[in-house]
1. What ³J(HN,Hα) values, in whole Hz, does the Karplus curve 6.51 cos²θ - 1.76 cosθ + 1.60 give for region 265-275 when θ = phi - 60°, with x put for Gly and Pro?
2. Got the relative contact order for region 99-194 handy, in percent, Cα pairs under 8 Å and 6 or more residues apart?
3. Using only alpha-carbon positions, what ratio does the radius of gyration of region 239-324 give when scaled by 2.2 N^0.38 Å?
4. With +1 on each Lys and Arg Cβ and -1 on each Asp and Glu Cβ, how big is the dipole of region 190-296 about its Cα centre, in debye rounded to the nearest 20?
5. Over region 99-194, what per residue volume does the convex hull of the Cα atoms give, in whole Å³?
6. Can you list the HN-Hα couplings for region 154-160, worked out from phi with the Karplus curve (6.51, -1.76, 1.60; θ = phi - 60°), rounded to whole Hz and with x for Gly and Pro?
7. Against the 2.2 N^0.38 Å scaling, with N counting residues, where does region 337-400 land? I'd like the Cα-based Rg ratio to two decimal places.
8. Give the long-range amide H neighbours of GLY253: residues separated by 5 or more places, or on another chain, with amide H under 5 Å away, using H modelled in the peptide plane at 1.01 Å from N.
Amino acid sequence: MQKDREWLRRRLATVVARVGGNGQRWTLAEERGCGGMGHWQRRLLATVVAWVVGDERRWTPASKQGGGGQGRGAAVAVGLAGSRGKKAAETAKYHPWQKNSSSLSIEFFKQSGWSDAQVMKLNQRSPLLLRTNVETVLKPRMRSLKDMGFSDTEIVQLVSSCPSVLLVRDIQPKINFWRSLLGSNERLLKASRRNMFLLTSRLAQKIEPNISLLRECGISDKRIAYMMVTKPTIVGRSNKYIKEAIKYVEELGVPCNCRMFPYALSTVAGMSRTRFYVTFATLMNFGFSLQDIFAVFRKHPIIWFLSKKNICDKMTFLMKEAGCELTYIISHPVILGYSLEKRLKPRYEILNFLEQNKLLDKAYGLLSMIILSEKKFQSKFLFLLRSEKSIALYDSYVAAVHGKCHVVVEN
């Protein structure tokens, strides 16, 4: 954010020097030299400059002379837009974003139950919010969130992940829309954590047309809600982009009536084409044909969200250490979606030990052990490792599941 503001300062300094740095009135020639800026554009630029200038630098001679009691923001606005920008200067003067209100905003958040760490994180994500007027903006909008049924803890989570909810005037219709679609505050908070612009995107112009398009594809509201929680960025795309993504998914062999279509669409719409094709190339390096890759995509498209290294490490382990055939992986691509260090390696080691010591009542495939929940796996297989002979293997497995370094135990 600091780098962006520094860049914007330099950029606006160039604009001011070019089209109004001497404090004179704007002329038609200056408008043409600045890309034909209209009156509303000059007012907008003046307001932006009034906010951006946050130090003692004076952007124009007029800002030194005409500052008076107006404050730095209003003085810069007058210097930038001349006599035609007086209205913009008044706007800057009474603008709710005041630098000297930051201490009041910090105190307000602390009184509302925010910790120092939470306030610091909020300042990092949205410095603008801590310069907002407490009485006219923050208090009434925080009160509005409570009236909408959010607890104090939920408000902290919501504002931390999406600070703009306190800067948007008409936030209630948007919150009501998303809460109705997602079904609960918990899901709404989870979706907003993954997309900080979810609650501030335009409903009528973007969100509702995109939701309608998904419904036209036969995707139920329950599936749409799942997509919004797991990959909420898709709904912020343009309607044209989503239509193209739908067409491309169908070309890959996943029709709209397929159960995996929502997942495939989230995958295609959630990444660049370059990254999408990297996964194609990675799988082909291990011997997958193009038809094999299409088959894998139809069965488990979420694999495309894995990094190249992640896929390579898992394929190397499965084929070289676990002895899996390529056809087995193509038939069961879901196996690539599990963690290598927390699931694949430790459970393969358990399976290998139990088979070598003839402790199993029947043959088990690797996938049948991988897909079991942790609770079921422990109750069904780990109790066989209670003897002193295998206690080290048991400890190694527990350490791996809890994210500690996995150690291969010699039989």
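FYI, it's all coordinate maths here, none of it is from the lab. Bear in mind the structure is a predicted one, so any value in this text is a computation, not a measurement. For neighbour counting, all protein chains shown are included, and Cβ atoms are generated from backbone atoms with ideal geometry for every residue, glycine included.
1. 5, 4, 5, 5, 7, x, 8, 6, 5, 4, 5
2. 27
3. With N residues counted in region 239-324, Rg over 2.2 N^0.38 Å equals 1.13.
4. Numbers: 16 positive and 7 negative charges, 101 e Å.
That gives a dipole near 480 debye.
5. Enclosed volume per residue, from the Cα hull, is 88 Å³.
6. Calculated HN-Hα couplings, in order: 5, 5, 4, 5, 5, 5, 5 Hz.
7. 1.02
8. The list, which skips near neighbours in sequence, is empty: none.
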